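These notes concern the structure reproduced below.
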Amino acid sequence: MRRYAGMMMGYFAKTWENFKSFWCNVDSLVIQEYRTVFKGGVFLLGVTIASLSQIYPKLTEMDYKARLIQFQVEAQEKKKLSEVSDCYTLPANIDKCLYAKYQLNSNMTSFRLAAWITVLCFYTGVFLLFAAMYGFVEQAKKSDGPPDNTNA
């Protein structure tokens, strides 16, 4: 048992040292390339804004159409679509019921995917902007003043 504990401690110590050396490399890279990191952050925030302004209105329109069909079926059958376990029990509205359930399910999946991508881009962009600010400040500390305004 002690042998395995020693092996695990050695493994964790080695993993921690690898992580520290990796982070030091990332740190020095951010300091050297803070302009590129800033551009990446701005790009990802732009992707976030574009997805909010382009994708979500389309998804909202698709959801509106699906809800319209859902409400038509509910009005004709006088029960909620979520209470209908099998659309084949509704002989007059089988097609509308199946289509409404399909649309609602696919819209929910699309909304989740779009939300996940949007949130990921937003938080990654914000993180990169903060990393660029850190790189700028550290670069200014090293050179005893702000860096020159060259287009690198």
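Any read-out appearing in this document is the output of simple, stated calculations on the displayed coordinates, not a laboratory observation. Since the model is a prediction, treat every value here as computed from it, not as a measurement. Neighbour counts run over all protein chains shown; Cβ positions are idealised from the backbone, glycine included.
Odds and ends about this structure:
- Sorted peptide list for 129-137, 7-15, criterion being average Cβ within 10 angstrom, highest first: 129-137, 7-15
- Set Lys39/Lys142; Lys14/Lys39; Lys39/Lys65 screened for pairs whose C-alpha atoms are more than 30 Å apart: Lys14/Lys39; Lys39/Lys65
- Rg(Cα) / (2.2 N^0.38 Å) computed for segment 71-127, rounded to two decimals: 1.66
- With Cα atoms as the point set, the radius of gyration and Dmax of the chain evaluate to 26.9, 80 Å.
- Calculated FRET value between Ala75 and Arg112, using beta carbons and R₀ = 22 Å, to 0.05: 0.20
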